[in-house]
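Values quoted throughout were computed directly from the atomic coordinates according to the rules given, and no laboratory measurement underlies them. What you see is a predicted model, and the numbers here were worked out from it, not measured in a lab. Ideal geometry is used to build each Cβ from the backbone, glycine not excepted, and the neighbour counts take in all protein chains shown.
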């Protein structure tokens, strides 16, 4: 198990004291801003948002429901993270122009805001 600089192995895990810094949650104001740049989309359980290797995935902000991210390994898929309301995914790859390193799917019926790469770049340029 990796330890962070404080020596506590749970600092970055869910509920750890630094978890919110690595995995921030969007507040109502931030969600409202994203809605100006993206579109709401309803997902059914097991719908795939994007798959490993996909390009131009954009960013997904979760409004309701849960989404999991998995990555393929020799032994089968490995769970990387589970996202709930206020969480977001896809932003790093979209901003860097990289392919998706994971597959994300809805665990139940969900609602998300989808911000395409062009809009995401426009949003970040306005923030600077």
Relative contact order computed over region 25-127 (Cα-Cα under 8 Å; 6+ residues apart), in percent: 43
Label-to-label distance, nm, for residues given as residue 122 and residue 54 (7 Å Cα→Cβ offset): 2.1
Residue-span extension gain [residue 35 to residue 108] - 0.36 nm each, minus C-alpha spacing: 24.1 nm
Förster radius 22 Å - calculated FRET efficiency between residue 75 and residue 25 (Cβ-Cβ, nearest 0.05): 0.10
Approximate spin-label separation residue 82-residue 42, in nm, with each point projected 7 Å along Cα-to-Cβ: 2.4
